[in-house]
Amino acid sequence: MTMDTQHFDGVLVIGGGLAGLSAALAAAPRRVRLVSPAPLGEACSSSWAQGGVAAALSPEDSPALHAADTVAAGAGLVDPGRAALLAAEGPGAVRRLASFGAPFDRDRQGEFLLSREAAHGRARVARVGGDRAGQAIMAAVIGRVRRSAHVEVLEGWRLSGLLQDSLGAVCGALMERNGVLTAMRATAVILATGGVGGLYAETTTPSALLGEGLAAAALAGATLADPEFVQFHPTALDIGRDPAPLITEALRGEGAWLVNAAGERFMTSQHPDGELAPRDVVARAIHAEREAGRGAFLDARSAVGAHFPKAFPTVFEACRSAGLDPGVAPVPVAPACHYHMGGLLTDADGATTLAGLYAAGECASSGVHGANRLASNSLLEAAVFGARAGRAASRRLGAPRPLAQTRKLSRLPEEDLQALRKAMSREAGVIREAAGLERLLSRLDLLGARFPDAGPLIAARLIAECALERRESRGAHFRADHPEAAAEARRTLVRLEAGSLSRKAA
């Protein structure tokens, strides 16, 4: 490949989801270069979000209650201070999105219409058109970004590595477009590269999300936190598609039931909250029904029925495309990779352990999700911590230092990527055990020998190795061979050194 070099006196934001857009807007008046591998709004999980944005927006709610629910869902690993910060800034973030033009559902008095989702003690999820929150919010924010004079948008560029100066500080990124590598120097870099759903054969996220932001930062020496914690959404529509269409949790909030092929409800015996139990509990229950040959289906006939096309148009269209009508018959569901709680360790302003590098959104570990993300906190975190990262990065100044050597990510051939995805779903999915994780790591060793520094392999190893080391079950991480939680909740902090993971004190 040929190499080009560009110098940009401003903030380089990599990623076109809500976190990246929020960071770009908040960095004003500092110049921002927003770089995305696809057109803004495409190939990002933010646009696919259905439920909405959680925030304490009603008189019956409060940030303290929202923070408490967030901490409880995280199974001992949420930072209470960060949860309080997220909840406190939540209402303002939702109103800011509304000011950009996001058409949140309102009542006749103009107040937000709020839904309740699993593990929330109050109805606090602001929705758009029933299940079109992500699409509508992103359209409004993208419009705002494109009208912002301080933001330059570059689409069709893929991250290939991070640039570091002679002292190890991140001073830009190596980007690739149409076979041409470009070293983009910048004052600060914000990674907003999304999650790892594309590493799994069953996912509700864009399959292009392969954890390559994590991999590039790991190669540069950044510390990562809790990579083993992957959330599996309980109710993906099981029709054999890749990615699998999501069936929003809001349906269960409206009263939809989970039943097996015999029409028997099974969640009432699994948890006091039934269908509104935490996602990990529901995902394992559905997995067990399917493994036992009884199947799992979402029955919304009584809860929604004939109102389905208007109340949940996205889900209805996905079902109809497969010849199903969720208003008249239960539809098949299965757990699928949905969200990565782990990521780059950051402070409250998105700063990572590498000077000059910030992270926001799903590729970051801001401390608010712990072992199990609370429903509809993802868009909120992207908006709140994306903006905080943008403001912090905009304040970074300094004369450029000489550029040091940069490690470039390699690509994984499609055939090997598909084999990896199947192995990840089988061995590092809803249920895990040592033997399966060891088989997965052996496969990663073989692939790694052929494709050194391949981004998907680095990200997969982070998940698998840390899942093997966590000999307990906590939140979304369930070990069949260690089904109980340890007495002490401890975070995982790791760093890649000489090709191996080095653990740090939590």
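In the set Asp299, Asp349, which member is surrounded by fewer than 21 Cβ atoms within 10 Å (Cβ to Cβ), among the acidic types (Asp, Glu), modelled with pLDDT of 95 or more and closer than 25 Å to Leu113 by Cα? Explain how you work it out, then say what you get.
Numbers: Asp349 fails: closer than 25 Å to Leu113 by Cα.
On inspection, the qualifying residue turns out to be Asp299.
Working only within region 158-203, note down all residues that are of a type in the set (Gly, Ala, Ser), over 15 Å from Arg407 (Cβ atoms) and at pLDDT 95 or above. Listed by number, the residues that qualify are Ala169, Ala186, Ala188, Ala192, Gly194, Gly195, Gly197, Gly198, Ala201.
Filtered by the rule that a residue be more than 16 Å from Ser378 (Cα to Cα) and surrounded by fewer than 19 Cβ atoms within 10 Å (Cβ to Cβ), region 113-137 gives Leu113, Gly121, Arg122, Ala123, Gly129.
Given the conditions (1) within 20 Å of Asp280 (Cβ to Cβ); (2) of a type outside the set (Gly, Ala, Ser); (3) surrounded by fewer than 21 Cβ atoms within 10 Å (Cβ to Cβ), and given that Arg450 satisfies all but one, which numbered condition is not satisfied? Evaluating Arg450 over (1) within 20 Å of Asp280 (Cβ to Cβ); (2) of a type outside the set (Gly, Ala, Ser); (3) surrounded by fewer than 21 Cβ atoms within 10 Å (Cβ to Cβ) leaves (1) as the failure.
Within the set Asp69, Asp4, Asp61, the sole residue that is of a type in the set (Asp, Glu), farther than 20 Å from Gly361 by Cβ and at pLDDT below 95 turns out to be Asp4. Among the residues of region 144-158, count how many are farther than 15 Å from Gln6 by Cβ and either of a type outside the set (A, V, I, L, M, F, W, C) or under 22 Å from the mean Cα position of the chain (by Cα) (or both). Total meeting the criteria: 9. Here Asp9 fulfils each of the conditions (1) closer than 19 Å to Val189 by Cβ; (2) at pLDDT 95 or above; (3) of a type in the set (D, E, K, R) apart from (2). Name the residue that is surrounded by the most Cβ atoms within 10 Å (Cβ to Cβ), counting only residues in region 242-262 that are under 11 Å from Leu298 (Cα atoms) and without any contact (Cβ under 8 Å) to a residue 60 or more places away in the chain. Ranking the candidates gives Ala256 first. What is the residue count in region 398-447 for residues that are among the small types (Gly, Ala, Ser), under 25 Å from the mean Cα position of the chain (by Cα) and in a helix (DSSP H, G or I)? Residues meeting the conditions: 4. Residues of region 61-120 that are under 26 Å from Pro278 (Cβ atoms), touching a helix residue (DSSP H, G or I) at 6+ places or on another chain (Cβ under 6 Å) and free of Cβ contacts under 8 Å to residues at least 60 places away in the same chain: Pro63, His66, Ala67, Pro80, Ala84, Ala87, Ala88, Phe104. Residues of region 208-241 that are buried (at least 24 other Cβ atoms within 10 Å of the Cβ) and under 17 Å from Leu258 (Cβ atoms): Phe232, His233, Pro234, Thr235, Ala236, Leu237.
Confirm whether Ala149 is at pLDDT 95 or above and in contact with a Gly (Cβ under 9 Å, 6 or more places away or on another chain). No; evaluated as a whole, the condition is false for this residue. Look at Glu254 and say whether it is modelled with pLDDT under 95 and under 17 Å from Thr203 (Cβ atoms). In short, no.
So that you can scan it fast, the table gives a plain yes or no per residue for (1) of a type in the set (Asp, Glu); (2) surrounded by fewer than 17 Cβ atoms within 10 Å (Cβ to Cβ); (3) in contact (Cβ under 8 Å) with a residue 12 or more places away in the chain:
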site: Thr268; (1), (2), (3): no, yes, no
site: Glu275; (1), (2), (3): yes, no, yes
site: Asp280; (1), (2), (3): yes, no, yes
site: Ala292; (1), (2), (3): no, yes, no
site: Val315; (1), (2), (3): no, no, yes
site: Ala322; (1), (2), (3): no, yes, yes
site: Thr353; (1), (2), (3): no, no, yes
site: Tyr358; (1), (2), (3): no, no, yes
site: Glu362; (1), (2), (3): yes, no, yes
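Residues that are touching a strand residue (DSSP E or B) at 6+ places or on another chain (Cβ under 8 Å) and closer than 22 Å to Ser22 by Cα were ranked within region 78-112; the one that is surrounded by the fewest Cβ atoms within 10 Å (Cβ to Cβ) is Asp105.
Pairing residues of region 393-409 that are within 15 Å of Cys171 (Cβ to Cβ) and at pLDDT below 80 with residues that are surrounded by 12 or more Cβ atoms within 10 Å (Cβ to Cβ) and hydrophobic (A, V, I, L, M, F, W, C), at Cβ distances under 8 Å and at least 6 apart in sequence or on separate chains, gives Pro400/Cys171.
In region 39-56, the residues that are part of a helix (DSSP H, G or I) form Cβ pairs under 6 Å with partners that are hydrophobic (A, V, I, L, M, F, W, C), at six or more places apart or across chains, as follows: Ser46/Leu18; Ser46/Met138; Ser47/Met138.
Quick one: in region 470-486, which of the residues that are touching a residue at least 60 places away in the same chain (Cβ under 8 Å) and not in a loop (DSSP other than H, G, I, E, B) is nearest to Arg407 (Cα to Cα)? Walk me through it before giving the result.
Taking region 470-486 as the starting set, the residues that turn out to be touching a residue at least 60 places away in the same chain (Cβ under 8 Å) are 470, 474-478, 485.
This time we only want the ones that are not in a loop (DSSP other than H, G, I, E, B), so: 474, 477.
On the way: Arg474: 34, His477: 31 Å.
So the residue we want is His477.
On the basis of being more than 19 Å from Cys363 (Cα to Cα), among the hydroxyl-bearing types (Ser, Thr, Tyr) and over 22 Å from the mean Cα position of the chain (by Cα), does Ser473 make the cut? First the steps, then the outcome.
Numbers: more than 19 Å from Cys363 (Cα to Cα): yes; among the hydroxyl-bearing types (Ser, Thr, Tyr): yes; over 22 Å from the mean Cα position of the chain (by Cα): no.
So Ser473 fails the test.
Residues are listed down the side, and each one gets a yes or a no for (1) closer than 13 Å to Gly15 by Cα; (2) surrounded by fewer than 18 Cβ atoms within 10 Å (Cβ to Cβ):
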site	(1), (2)
Ala139	no, no
Arg146	no, yes
Gly156	yes, yes
Leu167	no, yes
Leu174	no, no
Asn178	no, yes
Thr182	no, no
Ala186	no, no
Leu191	yes, no
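Checked against the criterion of being assigned to a strand (DSSP E or B) and closer than 24 Å to Pro313 by Cα, region 338-351 contains one or more residues that satisfy it. In the condition set (1) within 23 Å of the chain's Cα centre (by Cα); (2) touching a residue at least 24 places away in the same chain (Cβ under 8 Å); (3) not in a loop (DSSP other than H, G, I, E, B), Ala489 is compliant with all but (3).
Suppose the filter is outside any helix (DSSP H, G or I), surrounded by 19 or more Cβ atoms within 10 Å (Cβ to Cβ), touching a strand residue (DSSP E or B) at 6+ places or on another chain (Cβ under 7 Å) and not hydroxyl-bearing (Ser, Thr, Tyr); does Ala75 pass it? Here the answer is yes, as Ala75 does meet what is asked.
The values are calculated or read from the model by the stated rules, or taken from the named source; none is laboratory data. On a predicted model such as this, the values are computed, not experimentally measured, just so you know. Cβ atoms come from the backbone with ideal geometry, glycine included; neighbour counts cover every protein chain shown.
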